[in-house]
Structure formats: structure tokens, C-alpha cells
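What follows is a set of notes on a single structure, which appears directly below.
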Amino acid sequence: MAEVAVAVTVTLAPVLMRLFPGCPHRVALEAATVAAVIDQLEGRWPGMRDRLCDSTPRIRRHVNVFVDGARAALETSLRPGAEIFIVTAISGG
Amino acid sequence: MSKTLILVGTRKGAFILESDQRRGDWRLRGPYCEHWPINHVVGDAAAGTIYGAGGNEWFGPAVWRSDDLGKSWTHSSAGLKYGEGEEPIKSVWSLAPSAHGLYAGVQPAGLFLSGADGAHWRQVEGLRDHPTRPQWNPGGAGLILHSLVPHPRDPRQIWVGISAAGVFYTGDGGETWEPRNRGTRADFNPEGQRYPEFGQCVHCLVMAPGEANTLYQQNHCGMYRSDDGGKSWQSIETGLPSSFGFPAAVHPRDPATLFLLPLNGDTAGRYVPDAKAAVWRTRDGGKNWQALRRGLPQENAYFCVLRRAMATDRHDPAGVYFGTNGGTLYASNDEGESWRCLAPHLPPILSVETLVVD
């Protein structure tokens, strides 16, 4: 069964706002998975996918995506109203 | 009046020092590129564009671009990737503007080409398709394509330096490549295997001005000159204090003048010999060497100068510049005869280049 896009809220690390001028701290969008969230971010701010994902493809080693408080992967499904945080991992600094 | 810029890549962003053609007073600005490690900063004098190559542990590789001499920057890595399942690109290590566009060397070693926008990349696949690639071994900094030398007039010809695969050459725009390492040593190999076809640890490859077939290289194991486009190499290390170092810089007009900065040895600490700093200059293609020390620290100097961290400018007399891994930038306005410190407290310096704009 095809997954259905649901309304979610994405909070982006402040450093991403500096890399993509005009990008807000919080973004409301509709997506079924974390991969679809990143698709939408890429559509709004071209180049953001390359900052968040490598060519494997997977979320970069030192970028963390949390969905409702749990660390997620590209294929993680989203519930309506999910809170997504995209942050830089302490391991990358 | 023309501007003279020193383009500095550091562990924590790019910096620019700006002066006029007299090069007396310098103004430092930066850090740029969001504090990313920037391995190489180059300028295209004709277009007035500055590019920065780097990679960030969080966000991966990118090429940064400024069209206003560093005041504002954009970044892109569109197309700067290998296929799914391959080891992802970690960082961009080298840049070279050419008649074909902008070339970029990356880690793990590969070559990419973009238009002048530096924003849309495609791989020059022939290099990664070379049959020796499965046997390329990483050097201390990883498997990096750090030296990029396009022919100044023939866009089909390019030389690259890869640590530790050696020098490779293409004469057909990148479709096919051949190793060009004959005469350079691999002292780290067992006896009897120290002159292989490839696998040498080239540290820096440069081309003499106006002499496309004259190349110089600083290698992990010696300093070398070639007069046949790299088909064969001759050692030029006699008269130097060691056979180890990283950077090499050519004179802007004299093909027989070369600047090196030998270090005390790969297992001896990799700092300047006897902790006394000197740039070494030849005026005769490597037959004779002179230590240039005036103004440089002559005691307790335990620094290293990395492979991209020395450059000349196009003025007459030529300026020479180098930056240390301790974050100090030195300059000479008289082809190395005397030196002064321009910036003592930068982050660790990874690259130094110059740009003169009219």
C-alpha cells in the first residue's frame, strides 16, 4: 500500500539556515517518510539534500534526524503531526 | 590600481589578505565558507571569481564560489558524487580553472569538471576507470587527488597527483590516463620494488611557467624534475637538507626557479630541519639550492607546511607566501630573500594561493 503524505513540522539546525539563506528554523510540509521530507526540502532549497544525505544514499554519518524523539532513517514513516528535528551530531564536531 | 590577494584555506574557513601591487600593507578578512575546512582556494583573474574547495564532517563536500572577491559566497555539490553504493566523496581537495571549465580533485581520489559557475559537476570517469585504481593506497591524508595541472594551451592534456597512486596524465581530455612516475622512488616498498609504475606518494606537482613539459614534484621520497611531461623524472634533491616535504611553488616567469620547503623527515616529526625555518630556492632547475632564512624563525620552529600551502604571485619581483600548520602566514616581496609574518594566529593553514586583479 502506498504511504500517504501527512502534515508534519520540521525543525532545522540553525547552521542550515546560514547555508541556505531564507530557510526558516521551522518548516511545515506534507510527507510520508523522512526521505520525502528531504525531497521537499531539496525542492524548496536546492542543494539541501547533498548537505543532509550522502550518495550511498543515506543520512550523513554526523547528521541526526529525530522523529518524535527517536533517531530515524530515510525510510522512517511519519504519523500525522509528527515533529522532526534535523540536527548536527556532536560526533561531527 | 591593481589588487593583490592572498587566498588562504584553513581548517576553519577561508581567509583573504588584500593589498595593492606594492604589497606593503595587508588587510585580513574572513573567515569565510561557514568555517568549513577549506583545502584549496583559487582565483580566476579574468573573471574575478574565487573558488573554495572543502568538506565538512557534518555536511560533506562542496565547492564554494564568490563573485565579489570574497564578500559573499555560495556553495554547491550538485553532481559531485560517485554512484550509489560506492564510497561517498568526503571532501574536495584541489581546484584548477582551465579552458574546459573548473576542475576539482576529490577524496577518495577522482576528478570532476564543472562550468565556470563551479556549481554543476560531472565526473571525468576515465581516471576512476583506470585498471590500477583497485591498487591505489591512501596516504596519511587519505586517498586524495591533491594536484591538478591542466596544460596552459591544450585543454586535452592534464596531469594529476594522487596520494599515494602517483602522477597520472591524459592527452585526450580525460578518457584515458597513463601513470607517469618513472624515476620517482617509493622507499616504503620492499627492496627491489622501489621504482614501481604507480603507487608513489607524490605530495605536490607543479608546472614550470611557459614550459609545459617541465614539471616539478615534491614527493614523500624526494624532489624531482621532468623535462618530458612526466614520462621520466630526475632527482633534484642533492643540496637540500632532506628528501621530504610537502609544497612546491614555481616562479611566475622563470621556468628554472623553484621554491621548496623541506621538512626533517617523515618519521622525524615533519617540521623544519633543526627547528629553523627556511624556504629553499633553485635558480637553475634544481642543480643548486639556496636556503632563504632572513626574517624566518631560526629557533624553536616546530611547524610543518602542507602540500598546498606555498605560492608565488605574478609581480616582479615575485612575491612568495607560505602558511604553517600552526596558522602563521609568511610573505616575501623579493623572491624569498627576506620574509615577514603577515598573520600569526590563523587556524591551521591548508592552502595558500594568490590572485592579482586589475
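What follows is calculated from the coordinates using simple rules that are stated; it is not laboratory data. Please read all numbers here as calculations on a predicted model, not as lab measurements. Glycine gets a Cβ as well: all are built from the backbone with ideal geometry, and neighbour counts include every protein chain shown.
For q values of 0.35 Å⁻¹, compute log₁₀ I(q)/I(0) with the Debye formula on a Cα-only model of region B:28-67, without solvent.
-1.22
Going highest first, how would you order A:50-56, B:4-10 by mean Cβ packing within 10 Å?
B:4-10, A:50-56
Ranked by Cβ crowding within 10 angstrom, fewest neighbours first, how are B:Y82, B:Y216 ordered?
Sorted ascending by nearby Cβ count, the order is B:Y82, B:Y216.
Given H placed 1.01 Å from N in the peptide plane, which residues other than close sequence neighbours of B:L263 have an amide H under 5 Å from its amide H?
B:F244, B:G245, B:F246
Which residue, B:G245, B:G183, B:G140, has the most motion in a Gaussian network model of chain B that connects Cα atoms within less than 10 Å?
Of B:G245, B:G183, B:G140, the most mobile in the Gaussian network model is B:G140.
Compute the orientation-averaged projected area for the protein assembly as shown from the convex hull of its Cα atoms and round it to one decimal in nm².
Mean shadow area of the hull around the Cα atoms is 22.5 nm².
Quick one: what does P(r) look like for region B:40-199 with 5 Å bins over all Cα pairs, in whole %?
2, 9, 18, 22, 19, 14, 9, 5, 2, 1, 0
Just want the ordering: A:M17, B:M1, from fewest to most Cβ atoms lying within 10 Å of their own Cβ.
With the sparsest Cβ surroundings first, the list reads B:M1, A:M17.
Net charge near B:E337, counting Lys/Arg +1 and Asp/Glu -1 over other residues with Cβ under 11 Å of its Cβ?
Neighbour charge sum, excluding B:E337 itself: +1.
Post the alpha-carbon centroid distance, region B:297-319 to region A:11-65, in whole angstrom.
What the calculation gives is 41 Å, centre to centre.
Name the residues whose placed amide hydrogens come within less than 5 Å of the amide hydrogen of B:S98, ignoring near sequence neighbours (fewer than 5 apart) on the same chain.
B:Y103
Amide H of B:H203: which non-local residues (sequence gap of 5 or more, or other chain) have their own amide H closer than 5 Å, using H built in the peptide plane?
B:Q218, B:N219, B:H220
Go from 0 up to the bin containing the longest alpha carbon distance in chain A, width 10 Å each, and give me the % of pairs per bin.
17, 55, 26, 2, 0
By the scheme Lys and Arg +1, Asp and Glu -1, what is the net charge of all other residues having a beta-carbon under 14 Å from that of A:T11?
Counting the neighbours of A:T11, the net charge comes to -1.
To the nearest 500 deg cm²/dmol, what mean residue ellipticity at 222 nm is calculated for chain B from DSSP H runs of n ≥ 4 alone, each contributing -39,500 (n - 2.57), summed and divided by the residues?
After summing the helix terms and dividing by the residues of chain B, the value is 0 deg cm²/dmol.
Measuring from centroid to centroid over Cα atoms, what is the spacing of region B:184-211 and region B:16-65 in Å?
30
Taking a temperature of 10 °C and a viscosity of 1.306 mPa s, what whole-number D in µm²/s does Stokes-Einstein yield for region B:107-257 with Rh from Kirkwood over alpha carbon pairs?
Estimated diffusion coefficient is 101 µm²/s.
Provide the net charge surrounding A:R79, with neighbours chosen by a C-beta distance below 14 Å and charges set as Lys +1, Arg +1, Asp -1, Glu -1.
Cβ neighbours under 14 Å give a net charge of -4.
With 5 Å bins from zero, work out the P(r) of region B:254-321 over every alpha carbon pair and list the percent per bin.
It works out to 4, 15, 24, 25, 20, 9, 3, 0, in whole percents.
If the cut-off is a Cα-Cα distance under 20 Å, which aspartates and glutamates reach B:K12, setting aside same-chain residues fewer than 8 apart in sequence?
Cross-link targets: B:E34, B:E57, B:E353.
Karplus couplings for region B:265-270 from phi (6.51 cos²θ - 1.76 cosθ + 1.60, θ = phi - 60°), rounded to Hz, Gly and Pro as x?
Once rounded to whole Hz, the list reads x, 5, 10, 10, x, 6.
Can you give me the angle between helix A:34-44 and the longest principal axis of chain A, using Cα atoms only, in degrees from 0 to 90, rounded to the nearest 10?
The helix A:34-44 is inclined about 60 degrees to chain A.
Taking the beta-carbon count within 10 Å as an exposure proxy, list A:V15, B:V167 from fewest neighbours to most.
Listed from fewest to most nearby Cβ atoms, that is A:V15, B:V167.
With contacts defined as alpha carbon pairs under 8 Å and 6 or more residues apart, what's the relative contact order of chain B in percent?
13
Along the three principal axes, how long is chain B when you take its alpha carbons, biggest first, rounded to the nearest angstrom?
Principal axes ranked by extent give 49, 49, 37 Å for the Cα atoms.
Size of the dipole of region B:133-238 about the Cα centre, Lys and Arg at +1 and Asp and Glu at -1 on the beta carbon, nothing else charged, in debye to 20?
Taking the Cα centre of region B:133-238 as origin, the dipole is about 100 debye.
For region A:39-93, I need the span (max minus min coordinate) of the C-alpha atoms along each principal axis, in Å, sorted largest to smallest.
Principal axes ranked by extent give 28, 28, 18 Å for the Cα atoms.
What list of ³J(HN,Hα) couplings, whole Hz, do you get for region A:47-56 from phi and the Karplus terms 6.51, -1.76, 1.60, once you set θ to phi - 60° and write x for glycine and proline?
3J(HN,Hα) across region A:47-56, in whole Hz: x, 5, 4, 5, 7, 9, 10, 9, 8, 4.
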